[in-house]
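S.K.: Provided herewith is a single structure, encoded as structure tokens, for subsequent inquiry.
The values are calculated or read from the model by the stated rules, or taken from the named source; none is laboratory data. Being a predicted model, the structure only gives us computed values, none of them experimental. Virtual Cβ from ideal backbone geometry, glycine too; neighbours counted across all protein chains shown.
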């Protein structure tokens, strides 16, 4: 394999998630769309579950920053550089979440305009 050839990823993803990547054939059922886990090994999430997990992680990062700032304000020994790093992580995660939201809203608007 040369430096520019990529290994086939589709079989690896299919084996890892347990969910077929092709659309279901007639008579087959599709993966659930609610927050249930899919796949026999329990490693896959439906889209709603993944989105909820990401929002929970962003909230946890922001909560951690708030706790650290509160601890600093109350006089507890907290390293200032730890607070600044936590603030940076929280800001990046929030901005990513905001961009995903903007893309979802944009896709929804395009989809709603295309449906007559």
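S.K.: Are there any pairs with C-beta distances below 9 angstrom linking a residue in the stretch 100-116 that is within 17 Å of residue 55 (Cβ to Cβ) to a residue that is surrounded by fewer than 10 Cβ atoms within 10 Å (Cβ to Cβ), with the two at least 6 apart or on different chains, and if so which?
M.R.: none
S.K.: For residue 54, indicate whether it is in a helix (DSSP H, G or I), within 24 Å of the chain's Cα centre (by Cα), modelled with pLDDT of 95 or more and surrounded by 13 or more Cβ atoms within 10 Å (Cβ to Cβ).
M.R.: On the way: in a helix (DSSP H, G or I): yes; within 24 Å of the chain's Cα centre (by Cα): yes; modelled with pLDDT of 95 or more: no; surrounded by 13 or more Cβ atoms within 10 Å (Cβ to Cβ): yes.
Considered against the rule, which asks whether it is in a helix (DSSP H, G or I), within 24 Å of the chain's Cα centre (by Cα), modelled with pLDDT of 95 or more and surrounded by 13 or more Cβ atoms within 10 Å (Cβ to Cβ), residue 54 comes out as no.
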